[in-house]
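**Q** Got a structure here, written out as structure tokens. Questions coming.
The values are calculated or read from the model by the stated rules, or taken from the named source; none is laboratory data. Quick caveat: nothing in here was measured; it's all calculated off a predicted structure. Virtual Cβ from ideal backbone geometry, glycine too; neighbours counted across all protein chains shown. All accessible areas refer to the heavy atoms of the entire protein, side chains included, with ligands and DNA or RNA removed. Shrake-Rupley method; radii C 1.70, N 1.55, O 1.52, S 1.80 Å.
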Amino acid sequence: MNLEMNIKNLVLTHYDEKIAINLLKNMIEIPSVSGEETEIAKYTADFMKERGFHKVYLQEVVEGKYQTIGLVKGKGVGKSIMLCGHLDIFPPPADMTNPYKAYIENNRIYGAGVADMKAGTAATIMAADAILQSEVEIKGDIIVALVMEEEIGGVGIKYLLEKGFTADMGIVPESTNLE
């Protein structure tokens, strides 16, 4: 088995599905419609701090309104990558019973905002976490950017970029049906 495969397997052994499911369930149960992301920003910042991310920023974008940036430091000799998700959701449909109660049925998690995009956002955190926990030496930094007000014009990502949080490449795991 080659070195690359060994590293991949090492990282995958440090992915904790129970922690990932709990993270996503907790995120679903925090209401975070556009403009009201501060509580979930604080929750995700605390989560990343507890998991040992090298730096965690609770970034005030608008007075009293926050988004979260987590950093897994590399050796500084390679390209950086930004894993970017948004914390805000559209208001749940009025006919949705208990939208902020996460539940699992047939191996799927349901609740407000799970598809757009709390599942993708939780996945970005857990991908960086698996690399961090594996202690694999990475060359460049991993930036986990959890931005606010994406649904109403991208306020958070614009602010993030204006403040100098950039990367050589990025992944946004939003479900789009490949459109």
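**Q** To the nearest 20 debye, what is the magnitude of the charge dipole of the chain about its Cα centre, counting +1 on the Cβ of each Lys and Arg and -1 on the Cβ of each Asp and Glu?
**A** 580
**Q** Please go through the range 1-100 and write out the trypsin sites (Lys or Arg not before Pro) that DSSP classes as loop and that have at most 16 other C-beta atoms within 10 Å.
**A** Lys73, Lys75, Lys79
**Q** What are the radius of gyration and Dmax of the range 91-179, computed over its Cα atoms and given in Å?
**A** 15.9, 49
**Q** From the phi of every residue in the range 43-48, what ³J(HN,Hα) in whole Hz does the Karplus formula 6.51 cos²θ - 1.76 cosθ + 1.60 yield, where θ is phi - 60° and glycine or proline is x?
**A** With the stated coefficients, the range 43-48 comes to 4, 5, 5, 4, 4, 5 Hz.
**Q** How long is the gain from Glu105 to Lys49 if the chain were fully straight, where each residue apart is worth 0.36 nm and the alpha carbon distance is subtracted?
**A** Net length gain for the segment: 17.1 nm.
**Q** Put Leu23, Leu161 in order of accessible area, largest first, 1.4 Å probe: what do you get?
**A** Sorted descending by solvent-accessible area, the residues read Leu161, Leu23.
**Q** Sticking with this structure for a sec: So for the range 23-146, taking the charge dipole from beta-carbon charges (+1 Lys/Arg, -1 Asp/Glu), which of Ile30, Phe53, Ala112 sits furthest toward the positive end?
**A** The Cα lying farthest towards the positive end belongs to Phe53.
**Q** Please report, to two decimal places, log10 I(q)/I(0) for the chain at q = 0.12, 0.13 Å⁻¹ as given by the Debye formula with identical point scatterers on the Cα atoms and no solvent.
**A** -0.55, -0.65
**Q** Let me ask something else about it. Any idea what the relative contact order of the range 24-179 is, in percent, if you count C-alpha pairs under 8 Å spaced at least 6 apart?
**A** Relative contact order here is 33 percent.
**Q** Calculate for the chain the 222 nm mean residue ellipticity that helices alone would give, adding -39,500 (n - 2.57) per DSSP H run of length 4 or more and normalising by residue count, nearest 500 deg cm²/dmol.
**A** Calculated mean residue ellipticity at 222 nm is -10500 deg cm²/dmol.
**Q** How much of the accessible area of the chain, probe 1.4 Å, is carbon plus sulfur, in whole percent?
**A** 52
**Q** Which order do Asp95, Asp88, Asp46 take by accessible area at a 1.4 Å probe, largest first?
**A** Reading off the accessible areas and sorting them downward yields Asp95, Asp46, Asp88.
**Q** Can you give the accessible area per residue of the range 23-179, in Å², using a 1.4 Å probe?
**A** The answer is 52 Å² per residue.
**Q** Is the shape of the range 22-88 best called rounded, prolate or oblate, per the rule: a/c under 1.5 gives rounded, else a/b larger than b/c gives prolate, else oblate, with a ≥ b ≥ c the square roots of the Cα gyration tensor eigenvalues?
**A** Taking the square roots of the gyration eigenvalues as a ≥ b ≥ c, the range 22-88 is prolate.
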